[in-house]
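J.: First, the structure itself, so that you have it in front of you.
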Amino acid sequence: MGNFIGHAGGFIILAAVIALFCAFLLESGVVKDRQRLIFNGKIAAMTAIIGIVYYFIIGYMVNILRGQTNIFDFNSIFSFKEIPSMLSAYEDMSAGGGTKGVFLPVFAGIVHGLGGLIFKQYGAIAVWLNFAAVCGGACCLHTMACDFFKKELSPVMLLYIFALPYAFLLFTPGCWGAAIGLAAIASYAFYKRKYILYGILAVLAVCINIYGMFVLIAPAVKFSGCSVYIKDFPKSAIANPYIRNGLLYAVFILSSVIMLRVIGG
Amino acid sequence: MANKKNLTALMPRNKRKETIVTAIVFAVAVASRLLMFWAAYMTAKHAGMGKGLYEYLSGAGDVPHYVEIASGGYQSSGATANNIVFFPLMPMLMKLFHVIFRDYVIAGIFVSYVSFGVASCYFYKLLKLDYDDEKTAGGMLAMFMGVFGIFYISAHTESLFIMLIAMGLYYMRKNNLPAAGAAGFFAALSRTQGVLLFVPVVYEIVIRAVKEKRFDIKSLFAMLIPMGYLAYLVLNKAVTGEYFKFIEYQAAAPWYNEATWISNSIATSYDVGKNNFALSLIIYWPQIIAFFIAVAAIFAGLKNRVRISYLLFLGAYAGVTYFQSWMLSGGRYITACLPLYIVFAALDNKYIKNIILLTEGLTFMVIAVLWFRGYAIM
């Protein structure tokens, strides 16, 4: 419980620092659209809360299915898949077993470097970086969705993404969140025609994790001519609220079953 | 167009009014300390306080260390060599006023009372820059009833520190950078967190430079603030031969304090408090709660459009305060963070403000009485 309260303190002061930085951007005139910044802040906060809720859900499931710990011991989440070897890699920069070969050392290097500045908090830094990338990616996806679809549909689209099976891994100290979040931000850069920025973020996303390859979706959609069909989505079945909510319900059930299998062992 | 002669005639009267109001604020502030001191002391005495009052005030907390430094200076070896961890400004002032009072403890208490009065005057003027009378009065009341405010009446550095911070922030707002720098220099000599005044001052300089598209050469006076901390390091070098000797002493007995991340500090507070219920109520849980209140105040301040430089100081102060591996005085340190009361003043909801004031006042009295009864209020 002490660990939980402590990390909550670290997390919340980091959120305060980010909020103060955004306030600085507004006051200095770097960012002029206050309403847009606040709205994106709300999307980021919603995403972060989803991540925190996942920690509680998983802690609760571990408590029930494995009976090993109380629900506030989030270290139970750090025992899934390749996360333990990744945590070792962050600390001692070893290659780590079961990682994605060339991909992990980039993220491990970033975490290790930052850990040297922040009292060797490697696990926490990895979590923060993943949260930051996922929140940033969510804001970018939301902005793109508002442009492509009706504005009312874009929050639902985000819900679909975070309800997908294994979405909880985005918020763990593994590098999936960083890679996929960066891929989403890179896609937004591509959408805004900032191709150099896209290239840099795309390379970084792919170097961090194989799932960073999602970054190729944006140019694939553009050059294949599929974007026309995406813009027509509101006219298709997804616009029907019954079908849309039914699909969301099905995704939730599927994710829950998969999480139960993963956590239950 | 206004008559120029009438405006000139008005100005001296406003100045007189300002002086009278400032004098009243000073008198009320000092009187409030005396009243609270008397109430807490009488309550503790009624409950059977063992020691005499002077004896108690002389031995409370860090007072003996300040007396040792004021009377004998810093030592390079021996039992009092570790006094180098205490910053020099308070002992210097105790030594100065010892000439008048012939007693270091009395001199220290005098410095505390006068500093609190001056702090209140500057804090009042600072609040008046942004808020109306009602909000200003609310902020002043919240500061007067600071939960660990009992330390403002003894020979500790709290009053001196908040005076210098209030002065620094006020002169920063008035763009009087030489004065702000000087206040920050002395604040950095009073306590570790004093150097953090550099953060809001630099922020205001940067914002002004961006908006006015020019750099004011007087901005260089902000460098006085880190110079104050540098002076303390030079003192370490002069006394012990090492610039950072104080870190070594802080990590050893009796403090066992090293720099660590905030989460470790809070987790340690919880884990230690779990094994000692009494101490958890007066030391560990108050400092855990104080941290979250400080961070919540940042968000409340952002929502209520409190000046960003104040919130930056609040965030830096809360962060640096909790970079300690074995903290015992988190509640006391957070109580001395002035921007908390600025955020309180900025709140619009009267019900929430009243609940906060009531909770604060009751908690203050409990802490004050326990302090007089010799409990480990640090």
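The values are calculated or read from the model by the stated rules, or taken from the named source; none is laboratory data. Here the structure is a predicted model, which means the values were calculated and not measured. Here the Cβ is made from the backbone with ideal geometry for all residues, glycine too, and neighbour counts use every protein chain on show. Note: areas computed on protein heavy atoms with side chains; ligands, DNA, RNA excluded. Shrake-Rupley method; radii C 1.70, N 1.55, O 1.52, S 1.80 Å.
J.: 5 Å is the cut-off here: which amide hydrogens, built 1.01 Å from N in the peptide plane, fall below it relative to B:GLN324, excluding neighbours closer than 5 in sequence?
T.: Here the answer is B:THR260, since their amide H atoms fall under 5 Å of that of B:GLN324.
J.: Next question. Counting only the heavy atoms of the protein chains, how much of A:CYS139 is accessible to a 1.4 Å probe, in Å² to the nearest 10?
T.: 20
J.: B:ASN175 to B:ILE352: extension gain in nm, 0.36 nm per residue of separation minus the Cα-Cα distance? Before the final figure, lay out the partial values.
T.: Values: separation 177, 0.36 × 177 = 63.72 nm, distance 3.35 nm.
Additional length available on full extension: 60.4 nm.
J.: So how tilted is helix B:350-372 from the main axis of chain B? Cα-based, degrees 0 to 90, rounded to 10.
T.: Roughly 30 degrees, rounded to the nearest 10.
J.: Using the charge dipole of the protein assembly as shown (Lys, Arg: +1 at Cβ; Asp, Glu: -1 at Cβ; taken about the Cα centre), state which of B:ILE283, B:ILE100, A:ALA220 has its Cα farthest towards the positive end.
T.: Towards the positive end, the residue furthest out is A:ALA220.
J.: If one puts a single equal scatterer on every Cα of the stretch B:150-293 and applies the Debye formula without solvent, what log₁₀ I(q)/I(0) results at q = 0.12, 0.17 Å⁻¹?
T.: -0.68, -1.09
J.: Using a simple spin-label model with points 7 Å from Cα along the Cα→Cβ vector, what separation in nm is obtained for B:ASP271 and B:GLU212?
T.: 5.1
J.: Calculate the radius of gyration of the Cα atoms of chain B to one decimal place, then report Dmax, the largest Cα-Cα distance, as a whole number, both in Å.
T.: 21.1, 73
J.: Once the Cα atoms of helix B:63-72 and of chain B are each reduced to a long axis, what angle between those two axes, in degrees from 0 to 90 to the nearest 10, is obtained?
T.: Once rounded, the angle reads 90 degrees.
J.: For chain B, modelled as a GNM with alpha-carbon contacts under 10 angstrom, which of B:LYS213, B:LYS125, B:LYS95 fluctuates the most?
T.: Of the options given, B:LYS213 has the highest mean-square fluctuation.
J.: Nearest 0.05, what FRET efficiency do B:THR43 and A:ASN240 give at R0 = 45 Å with Cβ-Cβ as r? Each step should come with its number before you reach the end.
T.: Details: r = 70 Å, r/R0 = 1.56.
The computed FRET efficiency comes out at 0.05.
J.: Strictly greater than 28 Å: what percent of every Cα pair in the stretch B:232-378 meets that? Please list the in-between numbers first.
T.: Working: 3188 of 10731 pairs.
Counting every Cα pair in the stretch B:232-378, those more than 28 Å apart make up 30 percent.
J.: Go ahead and set up a Gaussian network model of chain B, Cα springs under 10 Å, then flag whichever of B:ILE342, B:ILE356, B:ILE153 fluctuates most.
T.: For chain B, modelled as a Gaussian network with Cα springs under 10 Å, the answer is B:ILE356.
J.: Taking each residue of B:291-299 in turn, how many C-beta atoms of other protein chains fall within 10 Å of its C-beta, and what is the average?
T.: Per residue, the average neighbour count from other chains is 4.
J.: May I ask for the equivalent-ellipsoid semi-axes of the protein assembly as shown, computed as the square root of five times each C-alpha gyration tensor eigenvalue and listed largest first in whole Å?
T.: Working: eigenvalues 499, 188, 116 Å².
After diagonalising the Cα gyration tensor, the semi-axes are 50, 31, 24 Å.
J.: Another question, then. On a 1.4 Å probe surface of the protein chains, which of A:LEU170, A:LEU254 comes out largest in accessible area, and what is the full order? Kindly include the intermediate steps, with their values, before the conclusion.
T.: On the way: A:LEU170 20, A:LEU254 95 Å².
The most accessible residue leads, giving A:LEU254, A:LEU170.
J.: Given the pairs A:LYS32/B:LYS213; B:LYS135/B:LYS211; B:LYS15/B:LYS218; A:LYS32/A:LYS194, which are separated by over 22 angstrom at their Cα positions? Intermediate results must be reported in sequence, preceding the final value.
T.: Numbers: A:LYS32/B:LYS213 17 Å; B:LYS135/B:LYS211 29 Å; B:LYS15/B:LYS218 26 Å; A:LYS32/A:LYS194 20 Å.
Beyond 22 Å between Cα atoms: B:LYS135/B:LYS211; B:LYS15/B:LYS218.
J.: A follow-up question, please. Of A:ALA89, A:ALA145, B:THR192, which is farthest along the charge dipole of the protein assembly as shown in the positive direction, counting Lys and Arg as +1 and Asp and Glu as -1 at C-beta?
T.: Farthest towards the positive pole: A:ALA145.
J.: Shifting gears a bit: On average over all directions, what projected area in square nanometres does the stretch B:53-168 have, based on the convex hull of its Cα atoms? Intermediate values should be presented prior to the final figure.
T.: Values: hull surface 32.5 nm².
The number I arrive at for the stretch B:53-168 is 8.1 nm².
J.: Taking +1 at the Cβ of each Lys and Arg and -1 at the Cβ of each Asp and Glu, which of A:ALA167, A:ALA23, B:SER154 sits farthest along the dipole of the protein assembly as shown towards its positive end, judged by Cα position relative to the Cα centre?
T.: A:ALA23
J.: For chain B, what does -39500 (n - 2.57) per DSSP helix run (n ≥ 4), summed and divided by total residues, give at 222 nm, in deg cm²/dmol to the nearest 500?
T.: On the way: 17 runs with 262 residues, N = 378.
It comes out at -23000 deg cm²/dmol, rounded to the nearest 500.
J.: Further question: Classify the stretch B:83-125 as rounded, prolate or oblate from the Cα gyration tensor: take a ≥ b ≥ c as the square roots of its eigenvalues, call it rounded if a/c is under 1.5, otherwise prolate when a/b beats b/c and oblate if not.
T.: Details: a/c = 3.12, a/b = 1.47, b/c = 2.12.
Cα axes put the stretch B:83-125 in the oblate bin.
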